[in-house]
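The values are calculated or read from the model by the stated rules, or taken from the named source; none is laboratory data. Everything numeric here is computed off the predicted structure, so don't read it as measured data. As a convention, Cβ positions derive from the backbone with ideal geometry for all residues, glycine included, and neighbour counts pool all protein chains shown. Ligands, DNA and RNA are stripped out before the accessible areas are found, and what is left, the full protein with its side chains, is counted by its heavy atoms. Shrake-Rupley method; radii C 1.70, N 1.55, O 1.52, S 1.80 Å.
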Protein chains: 2
Amino acid sequence: MVASNQVSNLLEIWKSEVRASMAAIPTDLLDLLERPLYAHLATTRPDGTVQVSPMWFDWDGERLRFSTTTKRQKYRNVQSHPHVAASISDPENPYRFLEVRGVVEEIEPDPAAEVYMQINNRYGRPFSDQAPPDATDRVVIVVRPTGSSKYPKPWLWEKLKS
Amino acid sequence: MVASNQVSNLLEIWKSEVRASMAAIPTDLLDLLERPLYAHLATTRPDGTVQVSPMWFDWDGERLRFSTTTKRQKYRNVQSHPHVAASISDPENPYRFLEVRGVVEEIEPDPAAEVYMQINNRYGRPFSDQAPPDATDRVVIVVRPTGSSKYPKPWLWEKLKS
């Protein structure tokens, strides 16, 4: 007999995989979004040139969330160019990685830094357990995945296995 | 008395720092280019959307080199959009990182995969010590830095020190 909490756990895993699959994320690399890793977020400046830097993020099974402020270049970038991409590597194996391409669906004000603090918690509060001094300028960039590239490629898996 | 090899070493360090400074790289983060780390390289597709993935690279003190093939999307991207950006984190401290923005100055054919093998050596030949099967399609993307962003920001250094 299967305990009800086991059924419930399996159901949660299944739901998470269905959501990820709808979001075009390969399920075997889903842990890279679920763990508090660093997403190298690429955005496009108003002049059309690219910019990329590592960011904290949150993942709800459908969309990625990044906290920034209205004073930063990244905010100006996503206003002029809503298409972004994020690259996330497994720190235990740099050859296992995921690229998520997506579109900024919303830029939500976060004036009490509530989302920032939630993400700060997810990363273990390395700098502070207080709301940041720039809380009033905080916004959340909400990204819906539109595509992804899965690594390693099959030929690389073969090499890694041998 | 200072031994001549010490003078020679100091001279090499100084030359390396001068070159980096000419290339707009902050000298206190220069080790992130000199070590065999992974650069998350952001490029722009012909349709104007961004793409980003971790790459091996080489650094000669002035320019970055990335090996790819003429069959890959990245090659098509840099032909249509020569502005690129790379984000490199310190694996020992994810809050210490460097963004280099630059322009593709040359795309050099590498049909014997010589540059590929040199870079393969730099990374410890994790997959093979042979030239890859796609050697004839190999090209080297040569990037001259035009700007960089230095992290952590001063306020973050303060936090990290405390």
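Quick check on region A:4-26. Is at least one of its residues at pLDDT 80 or above and under 20 Å from the mean Cα position of the chain (by Cα)? Within region A:4-26, one or more residues are at pLDDT 80 or above and under 20 Å from the mean Cα position of the chain (by Cα).
Hey, could you check region A:21-40 for residues that are part of a loop (DSSP other than H, G, I, E, B), in contact (Cβ under 8 Å) with a residue 12 or more places away in the chain and out of contact with any strand residue (DSSP E or B) (no Cβ under 7 Å at 6 or more places or on another chain) and say which is surrounded by the most Cβ atoms within 10 Å (Cβ to Cβ)?
A:L30
Any residue that is within 11 Å of chain A (Cβ to nearest Cβ), of a type in the set (K, R) and within 15 Å of the chain's Cα centre (by Cα) - is there at least one of those in region B:83-99? Taking every residue of region B:83-99 in turn, none turns out to be within 11 Å of chain A (Cβ to nearest Cβ), of a type in the set (K, R) and within 15 Å of the chain's Cα centre (by Cα).
Checking each residue in region A:112-141 for being among the polar types (S, T, N, Q) and either open to solvent by less than 40 Å² (accessible area, probe 1.4 Å) or under 23 Å from A:Q73 (Cβ atoms) (or both) picks out A:N120, A:S128, A:T136. Looking only at region B:80-102, residues that are of a type outside the set (A, V, I, L, M), crowded, with 16+ Cβ neighbours inside 10 Å and in a strand (DSSP E or B) come to 10 in all.
Listed here are the residues, each with its yes/no results for (1) open to solvent by 10 Å² or more (accessible area, probe 1.4 Å); (2) closer than 30 Å to B:P145 by Cα.
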position	(1), (2)
A:N9	yes, no
A:E12	yes, no
A:A42	no, yes
A:R76	yes, yes
A:E108	yes, no
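Screening A:V50 on (1) within 13 Å of chain B (Cβ to nearest Cβ); (2) under 22 Å from A:A131 (Cβ atoms); (3) open to solvent by less than 30 Å² (accessible area, probe 1.4 Å) shows it passes everything except condition (2). Count of region A:64-74 residues, restricted to those that are outside any strand (DSSP E or B) and either within 13 Å of chain B (Cβ to nearest Cβ) or buried (at least 19 other Cβ atoms within 10 Å of the Cβ) (or both), is 4. For region B:114-135, the count of residues that are under 28 Å from A:D47 (Cβ atoms) and away from every other protein chain (no Cβ under 11 Å) is zero. The test for being part of a helix (DSSP H, G or I) and within 22 Å of A:D31 (Cβ to Cβ) holds for A:N121.
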